[in-house]
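Report on the following structure.
The values are calculated or read from the model by the stated rules, or taken from the named source; none is laboratory data. In this text the structure is predicted, and so the values were computed from the model without any measurement. Counting neighbours? That spans all protein chains shown, and the Cβs are built from the backbone with ideal geometry, glycine included. What goes into the accessible areas is simple: the full protein's heavy atoms, side chains included, and nothing from ligands, DNA or RNA. Shrake-Rupley method; radii C 1.70, N 1.55, O 1.52, S 1.80 Å.
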Amino acid sequence: MNVLFATSEMFPLIKTGGLADVSGALPQALSNLEINIKVILPNYADLKNEYIASKSSIGKVEILGQNVEIFKTTLINSKLEIYLVDHPTFSARKGNPYMGPDKNPWHDNPDRFGLFCRAVVALAAGEFNENWHPDIIHTNDWQTGLIPALLSESDKPKNIFTIHNLAYQGVFDRQTFERLGLPWSLWRDNALEYWGNMSFMKSGIVFSDTVTTVSPTYAEEIKTKEYGYGLDGVLNNKGENLKGILNGIGEDWNPATDHLIDENYAPEHMAGKYITKTRVQKHLGLPENEKTPLIVHIGRLVEQKGIDLLIQAIEALKDENIQFAILGTGENRFEQTLNKLAAQNPHKIAVHIGYDEKLAHRLEAAGDAFVMPSRFEPCGLNQLYSLKYGTIPIVHRVGGLADSVTHSNEETITAGTANGVVIDYLDVPAIIWAINYFVSLYENKENFNKIQLNGMNTQHEWIVSAGEYKKIYLALLQEH
Ligand code: ADP
Ligand code: GLC
């Protein structure tokens, strides 16, 4: 079975968030399940070339008057093959794949990702010098959403579209639709047209054979008005062809082998966690004290993640015996407020604005708790990493957070299922309550150790999720 996995980011080559983690781990897990899978992504200027072997061209094709070249390479350390779609709007722009230095989306994003989609379709149709043809194309998020619509009706590969975040839809005006050279037959309500605009996301949903999203609960949530962003109707129409599969934990996230943390550790020898904790406290300028609870947060500083609420909760707790460490980048207003809060409370609150892979691993290891008060969360990876690292997740009961974290109370502690703290109704007092509740758990060593170990022993291996995707691929091929 040949599968082409199309994505706009992939760890370790280029990453802005969880999509990269998934694209870095899922294809590898699928290839371990004997699937012949190759990944295709844009050839960005900031792609980390040190992780790939030398590239060879499989030719150039003219698409909408533009020359698009595809390079073929493999990931060093694995046999996974990668195609890189080359065009100056990718390869001549440094920085974030989606936005310029002013933090605004690149004005020509629909053109860039439209071109990417057409290049994927041209590759599948054999227009490049490549003798490999996918039976299935697996597309991800709006940047790949035109692919299912553009595949020709005759002899087309089956395709699956995975929604990682319905909030980013790739909605553009009608002039853009015309400029992208799309057939008018696609400008209709049961195609790309979305309230007078065009939507890449809608295209992916409507034209794919199967839609998946990254947790079972989110698969249900997006069928409602509240979480459906106007697409709940088309999502409901998918019926049985909409499924939720929880993401897994990549091999890079294991405290027993993680080379980015200060000392490795595992359930049977936890000392490394506390060595890492005090070193991280020192690194961040916080008082080095193994006993003071350290609550960490890593993420995009945007409303989705509830960072505005978290900031208010931290402000209210700043005089308690609790340390907070936050790593993130995002909206300027949140970056500025966080920096101010840290400057005013240097012994309690540490903030690092920026993207820092190593610090992210060190914080996961150092923290006693990871607070993730997301308003919505398709899956969320940091709560999974936290479980594995013995860092108690404090989360809002939504999406993948609801599917992976079990609230700790007498009943669940006795049953051996408790692994975190869960907020049912999200607001600032609820976050304050949850953090205080965590501290009370932390102070009862016996219970705390149980909760911590339950988390560390939770299995969220990619191979299990990959097995679910494989089932979908097999079912699609049978239909073929
Ligand atoms: P999302 O994809 O919505 O941003 P996820 O929880 O699925 O959220 O994944 C986020 C990923 O990005 C995690 O691997 C997290 O550690 C990483 N990450 C987010 N912000 C940063 C940052 N500032 N520095 C390093 N890693 C980050
Ligand atoms: C998105 C979601 C996040 C999910 C990630 C990977 O960015 O916001 O919840 O974990 O994709 O699927």
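Between amide H atoms placed 1.01 Å from N, distances below 5 Å from Met99 occur with Trp106, all of them 5 or more places distant or on a separate chain.
Taking amide H positions as modeled 1.01 Å from N, with prolines and chain starts lacking one, the residues under 5 Å from Ile392 and 5 or more places away or on another chain are Ala369, Phe370. Compared with the dominant Cα axis of the chain, that is its longest principal axis, helix 307-316 is turned about 10°.
In the calculated pair distance distribution of the chain, what percentage of Cα-Cα distances lie above 42 Å?
Of the Cα pairs, 17 percent sit more than 42 Å apart.
Against the longest principal axis of the chain, how steep is helix 462-479, in degrees 0 to 90 to the nearest 10, with axes from Cα atoms? Result, in degrees: 20.
Principal axis analysis of the Cα atoms in segment 88-148 yields extents of 41, 22, 15 Å, listed in decreasing size. Based on the Stokes-Einstein relation at 10 °C and a viscosity of 1.306 mPa s, and on the Kirkwood radius from alpha carbon pairs, segment 1-133 is assigned a translational diffusion coefficient of 105 µm²/s.
Its residue count N fixes a reference of 2.2 N^0.38 Å for segment 271-456, and the Cα radius of gyration divided by that reference is 0.93.
A simple rule links phi to the HN-Hα coupling: the Karplus curve 6.51 cos²θ - 1.76 cosθ + 1.60 with θ = phi - 60°, which for segment 213-225 gives 9, 8, 7, x, 5, 4, 4, 7, 4, 6, 8, 9, 4 Hz, with x for Gly and Pro. Of all DSSP bridge pairs formed entirely within segment 38-170, close to 60 percent run antiparallel.
Overall, the chain carries a charge dipole of about 580 debye about its Cα centre when +1 sits on the Cβ of Lys and Arg and -1 on the Cβ of Asp and Glu, all other atoms neutral. Solvent-accessible area of the chain (1.4 angstrom probe, protein heavy atoms only): carbon and sulfur portion equals 49 percent. Separation of the alpha carbons by more than 21 angstrom is noted, of Lys15/Lys94; Lys388/Lys470; Lys38/Lys223, for Lys388/Lys470; Lys38/Lys223. 3J(HN,Hα) along segment 195-202: 6, x, 10, 10, 10, 5, 4, 4 Hz, from the Karplus curve 6.51 cos²θ - 1.76 cosθ + 1.60 with θ = phi - 60°, whole Hz, x for Gly and Pro. Within the chain, DSSP assigns beta bridges of which about 30% are antiparallel (rounded to the nearest 5).
Sequence-distant contacts, meaning Cα pairs under 8 Å at least 6 residues apart, place the relative contact order of the chain at 12 percent.
When the Cα convex hull of segment 331-417 is projected onto planes of every orientation, the mean area is 7.0 nm². Computed from Cα atoms, the angle from the helix 357-366 axis to the main principal axis of the chain rounds to 40 degrees. The 3J(HN,Hα) values that the Karplus relation (6.51, -1.76, 1.60; θ = phi - 60°) gives for segment 405-421 are, in residue order, 10, 10, 4, 8, 9, 3, 5, 6, 5, 5, 6, x, 10, 4, 9, x, 10 Hz. Gly and Pro appear as x.
Think of a 1.4 Å ball rolled over the protein heavy atoms: the chain then has 40 Å² of accessible area per residue. Only helices enter the 222 nm calculation for the chain: every DSSP H run of n ≥ 4 contributes -39,500 (n - 2.57), and dividing by all residues gives -11000 deg cm²/dmol, rounded to 500.
Taking the centroid of alpha carbons for each part, segment 72-116 and segment 429-448 are 43 Å apart. Around the amide H of Leu301, modelled in the peptide plane, lie the amide H atoms of Thr329, Gly330, Glu331, all under 5 Å away and 5 or more residues distant in sequence or on another chain. Remark: the Cα gyration tensor places segment 86-215 in the rounded category, a/c being less than 1.5.
Calculate the translational D of segment 141-191 in whole µm² s⁻¹ from Stokes-Einstein, where the hydrodynamic radius comes from the Kirkwood formula applied to all Cα pairs, the temperature is 37 °C and the viscosity 0.692 mPa s.
Values: Rh = 12.5 Å.
The diffusion coefficient I find is 262 µm²/s.
Convex hull of alpha carbon positions in segment 430-480: directionally averaged projected area 5.8 nm².
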